[in-house]
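What follows draws every value from the coordinates through simple rules; no lab data is involved. Treat the numbers as computed from the prediction; the structure is a model and nothing was measured. All Cβ positions, even for glycine, are placed from backbone atoms using ideal geometry, and neighbour counts span all protein chains on display.
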Amino acid sequence: MIIFLKVLFSVVLLWMCYIVIGTSIAHNLFTEWDHLASIAWMRATLWDFYANILVIYCWVCYKERNWWLKGLWLVLLVTSGSIAAAVFMLIQLFRLNPAEGLKELFSKRYG
């Protein structure tokens, strides 16, 4: 299961980098913001995004004991979303010892 998760979150990370970079090259968010902000679904998606960031950040705060790392992860999650979430998850997965599994993934604390 851990190997599957490493592959899954690696694919998610690569895919999201591809999507974000490609979209950023094709469309400037800052020049299109007025139009995007006028779309109700865009506003709903942003609220949904930040609600999800709050949930993920609660887990980050549990996992990381160091306050400056907690702050860094908050900035990274807010600014890069699923890219930062995938990186955080991959770090957690690669921190596990070979004999550890899902229980340790979700419960083991660092720092």
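For this structure, a couple of remarks:
- Compared with the direct C-alpha span, the chain from CYS61 to ILE19 gains 12.3 nm at full extension, assuming 0.36 nm per residue.
- The distance separating the Cα centre of the range 1-55 from that of the range 92-110 comes to 27 Å.
- For the range 2-107, averaging the sequence separation of C-alpha pairs within contact (under 8 Å, six or more residues apart) and dividing by the residue count gives a relative contact order of 43 percent.
- A Cβ-based charge dipole, computed about the Cα centre of the chain with Lys and Arg at +1 and Asp and Glu at -1, lands at about 520 debye.
- From phi via Karplus (6.51, -1.76, 1.60), per-residue ³J(HN,Hα) for the range 79-94 in Hz, x at Gly/Pro: 8, 10, x, 5, 5, 5, 4, 5, 5, 4, 5, 5, 4, 4, 5, 6
- FRET efficiency estimate (nearest 0.05) - Cβ-Cβ, LEU46 to LYS6, R0 22 angstrom: 0.15
- Estimated distance in nm for a label pair at ILE91 and PHE30, the labels positioned 7 Å out from Cα along Cα-to-Cβ: 2.7 nm
- Peptides 54-67, 28-41 ranked from most to least packed give 54-67, 28-41, packing being the mean of other C-beta atoms within 10 angstrom over each peptide's residues.
- Share of alpha-carbon pairs per 5 Å distance bin for the range 48-108, given as whole %: 4, 18, 30, 24, 15, 7, 2, 0
- Correct option for volume of the Cα convex hull per residue in Å³ [calculated from the coordinates] among [x] 92; [y] 197; [z] 111: [z]
- Structure-based [θ]222 nm, the chain - -39500 (n - 2.57) summed over DSSP H runs of at least 4, per residue, nearest 500: -27500 deg cm²/dmol
- In straight-distance terms, cross-link reach from LYS108 covers every one of the aspartates and glutamates whose alpha-carbon lies under 16 Å from its own, apart from those fewer than eight places away in the same chain; here that gives GLU64, GLU100.
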